[in-house]
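Some notes on the structure that comes next.
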Amino acid sequence: MIRACFLVFLLSSPAYAQGIQSARFTEPTGRYGHHPMGPTVSDHGALELTLDDGTRRLIRLSNSRVFEDNAVRLADVTGDSQFEAVVVESDQNQGARVSVYGVDGLIAASPFIGRRNRWFAVSGVGDLDGDGRVEIVAVDRPHLRRTLVIWRREGERLVPVAEMAGVTNHRFNDADIRGGLRDCGAGSEIILARADWSGLVAVQMQDGVLARRDLGDGASPESFAQAMACQIP
């Protein structure tokens, strides 16, 4: 009886329910050497999480892996009303995967691409179709395959639920991933470039199906900014 009461106390105590308040990459490293975002964006060996009470937790990768990303995205991927960290990490032999980390470590991940120096560029995280479930939006190999992939968490895995070829969101050596998710009053849209960078497109998902419409010619940083600000409807 005493043991049962003690377990209830732990599960209901504020310390047990700590969430992530902020996150950042730390421990920069050159051990992978791909650098798709150019020399100003370092790979990192660790992810530092700051919790609601101000304490910090460090998630450190093995020497065969790095965080290969320019930002940590915080979103409630699991539906528990707490933030998780969505990042891209890369393996020396298997290339990149999209990973979701929580307070206690890895929660879910996509498969690795399967070859080193192959990368995902994340566009954003959000409920694309209004069904209450969160999707992770990324371009698979934005310089090669140029395919939009929508991932959704199923237990410990991120599984693809929709794909669209012929789009991209990143040029090699650019420190920024262009576009992202916007809502100009007609639901969530993903802003991307055509595969040849000749113009912008907006992609929506309904009932698991992706639909694309052109936003005109030109895919400059300025036109991306205008589209994200709903100045290009």
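Readers should treat all values here as calculations from the given coordinates under stated rules, not as data from a laboratory. Note that this is a predicted model, so its numbers are computed, not measured. Note: ideal-geometry Cβ built from the backbone for every residue, glycine included; neighbour counts use all protein chains shown.
Taking 13 Å as the cut-off, the amide N atoms of segment 206-230 that come nearer than this to a point 7 Å along the Cα-to-beta-carbon line of Asp131 belong to 206-210. Computed over neighbours whose Cβ is under 14 Å from that of Leu51, the net charge equals -2, Lys and Arg +1, Asp and Glu -1. The chymotrypsin sites (Phe, Trp or Tyr not before Pro) of segment 141-233 meeting both criteria, a DSSP state outside H, G, I, E and B (loop) and at most 13 other C-beta atoms within 10 angstrom of the site's C-beta, are Phe172, Trp197.
Dipole check for the chain: with +1 at the C-beta of Lys and Arg, -1 at the C-beta of Asp and Glu, and the Cα centre as origin, the magnitude is about 700 Debye.
With no solvent and one equal point scatterer placed on each C-alpha of segment 60-140, evaluate the Debye formula and give log10 I(q)/I(0) for q = 0.13, 0.18, 0.26 Å⁻¹, two decimals. So the normalised log intensities are -0.39, -0.73, -1.32. Seen from Gly126, the other residues with C-beta closer than 11 Å to its C-beta sum to a net charge of -3, counting Lys and Arg as +1 and Asp and Glu as -1. The ranking of Val41, Val137 from fewest to most other beta carbons within 10 Å of each one's beta carbon is Val41, Val137.
Model label sites at Gln231 and Thr40, defined 7 Å from Cα along the beta-carbon direction, differ in position by 2.1 nm.
Which value in nm describes the separation of the simple spin-label points at Leu144 and Asp207, placed 7 Å from the Cα toward the beta carbon? Here the answer is 3.6 nm between the modelled labels. For the chain, leaving out every one of the trypsin sites (Lys or Arg not before Pro) that falls in a DSSP loop and has at most 12 other Cβ atoms within 10 Å, the longest unbroken run is 116-233. For Ile232, the residues whose modelled amide H falls within less than 5 Å of its own, excluding neighbours fewer than 5 places apart on the same chain, are Ala227. With neighbours defined as other Cβ atoms within 10 Å of a residue's Cβ, the residues Cys230, Cys184 order from fewest to most as Cys230, Cys184.
At an R0 of 22 angstrom, the distance between the Cβ atoms of Asp53 and Gln92 translates into a FRET efficiency of 0.05.
Hull volume per residue, based on the alpha-carbon atoms of segment 18-228 and their convex hull, is 120 Å³.
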